[in-house]
Structure formats: C-alpha cells, structure tokens
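If you scroll down you'll find the structure; I have some questions about it.
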Amino acid sequence: MSSHREAPEISKDPAADNTDVYAFVSPDKPDTVTLIANFIPGEVPDGAPNFYEFGNDVLYAIKIDNTGDGKPDVTYEFRFQTTIRDTETFLYNTGPIATLDSANWNRPQTYSVTRRTHSGSRVLAKDLACPPCNIGPRSTPNYADLAATAVHPLGHNGQVFAGQRNDPFFVDLGSIFDLGTLRPFENLHLIPTPAAPGVDGLGSLSVHTIALQVPKTDLTRGNAHPTDAAAATSVIGVWATASRRKVTIRGKRNGEALESGPWVQVSRLGMPLINEVIIAMADKDDWNQETPDGDSEFTHYYETPELAGLLPVLYPGVFPNLAALNTSGKKRADLVAILLTGLPSGIVPGFQNFTGATQADELRLNLAVPPAAAPKPNGILDGDLAGFPNGRRLTDDIVTIEIRAIAGVTFPLVDPTFTPDGAAGLVTDGVNTDQHLLDHFPYVGVPISGYDYAPTGF
Amino acid sequence: MSRPESPTRSITGPPAGETETHETAAAPGVSRRNLIANAVLAGTAVVAAPVLGRAVQSATIDEPPFTGRLDEPLVARVLDPRTGVIDIFFGEEHIVLRDRAIAARLAKAVS
C-alpha cells in the first residue's frame with residue numbers, strides 16, 4: 001500500500017519499487033508545486049548493518065504530462081552514486097555523523113538531477129548529498145538537523161531532497177489484506193470479530209523519498225501561469241517511474257555486474273492503490289512496465305472493480321445498493337473519470353482536473369486551486385478542492401477516500417438516480433493521519449532511528 | 001501501447017553464406033564491421049560461459065581484426081539463429097543486426 005510490494009516481480013526489487021507519489025501546491029510557497037516519489041517499501045529503521053539506499057543501477061524519474069496525451073512533457077531524472085570511503089571496515093559509520101561530508105560516514109550517496117523536455121535535456125545539479133539513514137543517537141545525533149542540510153537549492157526558486165524519511169502513507173495493512181476486514185467495522189464482517197481501532201502498519205517504517213519543489217510555470221504547458229481553475233493549462237498529470245537496464249550480466253567479484261542496453265521501466269505509479277487493488281494480479285507486472293497513454297487497456301478493471309463486488313459479500317447486508325449496482329450492468333464511469341481522465345467541469349462545482357479523452361493513470365493536479373488553510377483528510381469528498389483527487393497531499397486519507405468511492409459514494413456524480421448505502425460514506429480502515437509530517441519542505445517526516453525503533457511483538 | 005524504452009536501431013546484414021565486403025554506417029561512431037566483430041566476441045563470451053571446460057571452436061571471420069576500442073562491452077543475444085536476428089546491447093542502445101551468417105556461427109559455437 002499504496003503501491004508497496006504491489007506486484008509480484010517488483011516486490012522482489014525494493015530499490016526500484018515506487019511506493020507512493022504526491023503532488024500538491026506547496027502550502028508555504030504557493031507559487032511552487034511539490035512532487036514527491038517514495039521508493040523502497042517497508043524499511044525497518046534498524047535495518048543494519050547495510051542500511052537502505054537508492055540503487056545506483058536504477059533510473060528514478062518523476063514525469064509530468066501537461067498536454068493530456070498520457071506522455072511526459074517534462075521529466076526529472078535522478079541517478080545515484082554510492083562510494084565506500086574506508087574499504088578496511090565493515091561499518092556503515094566509524095563514529096558520529098555530524099555533517100554530510102563526515103569522514104565517519106563510510107557509505108555516502110550522492111545524486112544528479114536531469115530535466116528533460118521535448119527540446120532536450122539539462123543537468124540541473126550533480127553531486128548532491130543524500131543524508132545517511134537514521135541510525136541512532138550515537139551515530140546520527142541531531143538527525144533532523146543533519147538531514148535538513150540535505151535539502152538543496154535547485155534552479156530558480158526550487159529545492160530538492162533525496163534520502164530516508166518516515167513513510168507518510170498510513171493504512172491498516174494488516175487488516176485490509178486479511179480478507180478485506182476493516183477493524184472499526186469487523187463486527188459486520190462475514191467472519192466477525194469485535195470492532196477495534198485501526199492500526200497504522202507503516203507508522204514506524206521508513207521509505208526513501210525523492211522530493212522536488214519547482215515553480216508551477218516549470219511544469220505547465222507553455223509555461224503558463226495557472227490562475228484560472230477552469231483552464232486546461234492549469235492541470236498537470238504526474239507519475240513516477242523506476243527503470244533498470246535491459247541486460248545485466250553478473251560478475252564474479254564485489255557484486256560487479258555489466259549492465260547494458262536501454263532503460264526498461266520496472267515500476268510506475270500515478271494514482272494511489274491502482275496497481276494494488278484495481279489491477280488483477282496477472283496483469284500487475286505488465287501494468288508496471290506500461291506507459292500511461294496506453295492505460296485504456298486496463299479500463300475494464302476500473303469499470304467493474306473487483307473490490308466493489310467483494311464489499312457486499314464480505315459485509316453481508318451492509319451494502320445492498322452497491323450490490324444492486326454491481327448486478328445492474330452499469331459501468332463505474334465515476335471511477336473512470338476520477339482515476340483515468342480527471343473530472344470535467346460541471347461535476348464538482350468550481351472544480352475540474354480533466355485532461356482530455358486519453359485514459360491515463362496520472363495524478364492530476366489543478367495548479368490554480370490554492371492550498372487549503374485547513375486541509376480536510378477526505379479532500380474533495382469533504383469539499384476541500386485542494387485535496388485528493390486534485391493531486392495528492394501527504395495528509396489525504398487515501399484509503400478511506402478510495403474505499404468510499406468504490407463503495408459507491410461517487411457514483412451519483414454520473415448517475416443521480418443512485419443512492420449510496422449509508423455505510424459507504426462511513427467506511428474506513430480507522431487510520432486517518434500520519435504523525436511525523438513537517439510543515440516545510442520536504443514535508444515528509446524524519447525517519448525513526450534504528451535505536452529508537454520498537455518492533456511490536458505479540 | 002508503448003513500452004518506455006529507447007528506440008531500437010535496425011541493421012541488415014547480407015544473406016547467409018555471403019561475405020561482408022563493405023562497411024555500412026550503423027550509427028555515428030559505430031561501423032557495421034565493428035558491430036559484427038564485437039557481436040561475435042561478446043556473443044561467444046556470453047553463451048560460452050556456462051560451458052567452460054568444453055572446447056568451443058571460435059568462429060572464423062573473413063574480415064580484418066577490429067583495432068579500435070570500445071568504452072564498454074557490448075552484449076549480443078540470439079533468440080533464434082534461423083532468423084538471423086541478433087540483438088546487440090551497447091551503452092543505452094539496442095541495435096538489431098540481421099545477419100544469418102553471424103547468427104549461425106554463434107549457434108554453432110554452442111552446439
């Protein structure tokens with residue numbers, strides 16, 4: 001969740017596994033937009049002795065479509081390089097790491113940022129330092145301050161950060177994949193147990209974050225200033241990818257490998273939870289390799305989502321209207337619009353993030369909608385037009401929003417004769433926030449140290 | 001639907017049995033002759049590795065030896081020698097060489 005280990009093949013390749021993508025107008029710099037792509041799911045903070053890092057052999061990218069064709073118009077590429085300072089020690093660090101250039105840090109990682117457009121590519125920065133992982137008070141004292149020095153300026157009015165963070169996604173992972181139970185409602189489940197509060201399965205775990213903040217005009221079509229929410233030029237589509245070289249030949253020494261040939265995409269993510277719970281397992285690996293412009297191949301999964309069929313079965317008698325909708329033969333045009341094309345004008349008053357007829361898995365953000373003074377976790381479902389599915393903020397309660405949408409609360413947008421079940425507007429996994437977020441770039445919270453990490457037992 | 005991968009270049013060689021007598025530009029800085037010579041070398045290396053200890057007769061090439069240098073190895077793949085299609089991976093490129101003679105030599109090296 002939302003795309004952690006979501007497909008069979010990428011679950012075996014965590015360094016390239018894209019877990020979440022966020023895109024929002026920066027609340028403290030509203031002339032800019034913040035794009036965040038997270039990788040490496042489920043990092044346990046005490047993952048010693050070889051702490052987590054980006055893959056030197058992975059091409060990470062954040063892509064922006066500003067013409068609605070499902071193809072990237074602006075791409076930011078990130079390449080990492082890792083060095084070993086002292087080849088005579090087994091240690092990640094040989095003393096406290098007080099600065100990013102500390103000689104005590106034995107395995108520093110740096111990266112470059114390249115911007116590609118139709119007119120060519122340009123290296124925006126190189127040799128930028130990542131922070132180390134958060135090890136503990138002896139190895140990484142003052143970690144928050146240390147990691148903050150890994151926020152680097154980028155071009156005009158931009159910033160970039162790449163390194164370990166607390167996973168900002170929140171979900172009761174343990175319950176949802178136990179036959180779709182939701183702890184607050186599991187007394188109503190087909191196999192009932194007493195209702196209980198939700199548990200954030202990712203709350204203590206870390207990911208590796210790439211966070212980018214750039215002026216809005218760097219991303220819009222024709223560098224337009226997005227001031228009119230009704231204008232097509234105010235909407236961008238965002239997704240992230242990870243690619244590996246087509247050929248790898250293993251070497252004999254030191255893990256050396258020959259890598260050759262074109263980059264081949266092995267992971268992608270735009271909208272949350274799509275490859276997780278919409279796409280069938282047999283197509284998940286293929287989906288990860290495809291490009292958004294061809295996503296109409298997968299439309300049938302959106303039109304008749306498996307989860308919509310499961311809810312009335314798993315919660316007998318709770319979703320009668322959804323059950324009737326499922327058997328009516330009507331296709332879920334609401335989900336197709338929200339997830340594949342964006343919402344056209346006239347559906348939600350004062351809002352649109354429609355990118356045209358091309359069905360593409362992109363996180364669509366209307367840049368002309370200002371940040372909300374008091375963001376609501378359920379975003380547009382609760383009238384907050386700056387929230388999901390208008391882009392995605394770190395505070396948006398994606399699991400609740402998407403379960404409710406699939407349960408039918410958004411179907412009246414396309415069929416006013418449909419009345420959602422009462423439960424459809426209430427259902428949730430009971431985990432509604434992340435506790436570690438920052439109010440400034442990179443917004444994603446400081447990771448828990450390995451020393452402080454407390455695995456829960458039975 | 002398109003896969004997000006760099007475009008593939010295609011080069012066609014002579015029909016099986018014919019000898020290459022001219023050089024065809026494959027791409028800036030990459031000659032047809034270089035590609036053939038190195039495809040054989042890399043292809044032989046790759047396919048021969050699992051059968052170390054077994055005598056593998058080198059293919060004979062009726063061309064002058066390659067005297068330039070490559071910044072990195074190239075890798076050749078032959079899925080079906082009968083088609084003559086040889087996939088060559090070099091740098092970030094995927095070059096398709098169509099040459100039944102070369103493909104046949106590679107296949108014979110492992111058969």
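The values are calculated or read from the model by the stated rules, or taken from the named source; none is laboratory data. Everything quoted here is computed from the prediction, not taken from an experiment. With ideal geometry, Cβ positions are generated from the backbone for all residues, glycine too; neighbour counts draw on all protein chains shown.
Just to be sure before I move on: is residue A:288 surrounded by fewer than 20 Cβ atoms within 10 Å (Cβ to Cβ), of a type outside the set (A, V, I, L, M) and over 14 Å from residue A:340 (Cβ atoms) in the structure I sent?
Against the criterion (surrounded by fewer than 20 Cβ atoms within 10 Å (Cβ to Cβ), of a type outside the set (A, V, I, L, M) and over 14 Å from residue A:340 (Cβ atoms)), residue A:288 does not qualify.
Also: Could you say which residue among A:184, A:153, A:197, A:168 is modelled with pLDDT of 95 or more, in a loop (DSSP other than H, G, I, E, B) and over 21 Å from the mean Cα position of the chain (by Cα)?
That would be A:197, the only listed residue that is modelled with pLDDT of 95 or more, in a loop (DSSP other than H, G, I, E, B) and over 21 Å from the mean Cα position of the chain (by Cα).
Shifting gears a bit: Any residue in region A:1-17 that is in a strand (DSSP E or B), among the acidic types (Asp, Glu) and surrounded by 24 or more Cβ atoms within 10 Å (Cβ to Cβ)?
The answer is no; no qualifying residue exists.
Tell me yes or no: at least one residue of region A:293-311 is within 14 Å of another protein chain (Cβ to nearest Cβ) and either more than 22 Å from residue A:67 (Cα to Cα) or under 19 Å from the mean Cα position of the chain (by Cα) (or both).
yes
Also, quick follow-up: Can you pull out the residues in region A:365-376 that are buried (at least 24 other Cβ atoms within 10 Å of the Cβ) and in contact with a Ser or Thr (Cβ under 6 Å, 6 or more places away or on another chain)?
Within region A:365-376, A:366, A:367 meet the criteria.
From the list A:242, A:224, A:232, which one is touching a Ser or Thr at 6+ places or on another chain (Cβ under 8 Å) and free of Cβ contacts under 8 Å to residues at least 24 places away in the same chain?
A:224
Follow-up. Which residues, taken from region A:276-285, are surrounded by 15 or more Cβ atoms within 10 Å (Cβ to Cβ) and either at the interface with another protein chain (Cβ under 8 Å from one of its Cβ atoms) or not β-branched (Val, Ile, Thr) (or both)?
Scanning region A:276-285 gives A:276, A:283, A:284, A:285.
For the subset of region A:233-243 comprising residues that are surrounded by 19 or more Cβ atoms within 10 Å (Cβ to Cβ) and closer than 16 Å to residue A:363 by Cα, which member is farthest from the other protein chains (Cβ to nearest Cβ)?
A:234
Has region A:162-178 got any residue that is touching a Phe, Trp or Tyr at 6+ places or on another chain (Cβ under 6 Å) and within 18 Å of residue A:75 (Cβ to Cβ)?
yes
Condition (residue is within 30 Å of residue A:14 (Cβ to Cβ) and touching a helix residue (DSSP H, G or I) at 6+ places or on another chain (Cβ under 6 Å)) applied to region A:291-303: is it met by at least one residue?
yes
Let me ask you something else. Which condition breaks for residue A:299 when tested against (1) touching a residue at least 24 places away in the same chain (Cβ under 8 Å); (2) buried (at least 17 other Cβ atoms within 10 Å of the Cβ); (3) within 27 Å of residue A:387 (Cα to Cα)?
Evaluating residue A:299 over (1) touching a residue at least 24 places away in the same chain (Cβ under 8 Å); (2) buried (at least 17 other Cβ atoms within 10 Å of the Cβ); (3) within 27 Å of residue A:387 (Cα to Cα) leaves (2) as the failure.
Considering only residues that are free of Cβ contacts under 8 Å to residues at least 24 places away in the same chain and part of a strand (DSSP E or B), look in region A:254-270 and name the one that is surrounded by the most Cβ atoms within 10 Å (Cβ to Cβ).
This residue is A:261.
Condition test on residue A:264, is it within 11 Å of chain B (Cβ to nearest Cβ), in contact with a strand residue (DSSP E or B) (Cβ under 9 Å, 6 or more places away or on another chain) and of a type in the set (Val, Ile, Thr)?
Spelling it out, residue A:264 is indeed within 11 Å of chain B (Cβ to nearest Cβ), in contact with a strand residue (DSSP E or B) (Cβ under 9 Å, 6 or more places away or on another chain) and of a type in the set (Val, Ile, Thr).
Could I ask something else about it? Those residues that are under 11 Å from the mean Cα position of the chain (by Cα), under 19 Å from residue A:385 (Cβ atoms) and of a type in the set (Ser, Thr, Tyr), I need them from region A:1-45; list them, please.
A:22
Right, something else. Hey, does region A:316-334 have a residue that's on the phi < 0 side of the Ramachandran plot, free of Cβ contacts under 8 Å to residues at least 40 places away in the same chain and in contact with a His (Cβ under 6 Å, 6 or more places away or on another chain)?
Checking region A:316-334: not a single residue is on the phi < 0 side of the Ramachandran plot, free of Cβ contacts under 8 Å to residues at least 40 places away in the same chain and in contact with a His (Cβ under 6 Å, 6 or more places away or on another chain).
Residue by residue, here is whether (1) free of Cβ contacts under 8 Å to residues at least 60 places away in the same chain; (2) assigned to a loop (DSSP other than H, G, I, E, B); (3) surrounded by fewer than 18 Cβ atoms within 10 Å (Cβ to Cβ) holds:
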| position | (1), (2), (3) |
| --- | --- |
| A:381 | yes, no, no |
| A:390 | yes, yes, no |
| A:399 | no, no, no |
| A:406 | no, no, no |
| A:424 | no, no, no |
| A:439 | no, yes, yes |
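Can I ask one more? Quick check: anything in region A:120-131 under 25 Å from the mean Cα position of the chain (by Cα) and touching a residue at least 60 places away in the same chain (Cβ under 8 Å)?
Within region A:120-131, one or more residues are under 25 Å from the mean Cα position of the chain (by Cα) and touching a residue at least 60 places away in the same chain (Cβ under 8 Å).
Now a separate question. Among the numbered criteria (1) out of contact with any strand residue (DSSP E or B) (no Cβ under 8 Å at 6 or more places or on another chain); (2) on the phi < 0 side of the Ramachandran plot, which one does residue A:361 miss?
(1)
Please verify whether region A:168-185 includes one or more residues that are small (Gly, Ala, Ser), within 16 Å of residue A:98 (Cα to Cα) and crowded, with 21+ Cβ neighbours inside 10 Å.
No, that holds for no residue.
I would also like to ask the following. Every residue in region A:244-253 that is in a strand (DSSP E or B) and either facing another protein chain (nearest Cβ under 7 Å) or farther than 22 Å from residue A:284 by Cα (or both), please.
Hits for region A:244-253 are A:246, A:247, A:248, A:249, A:250.
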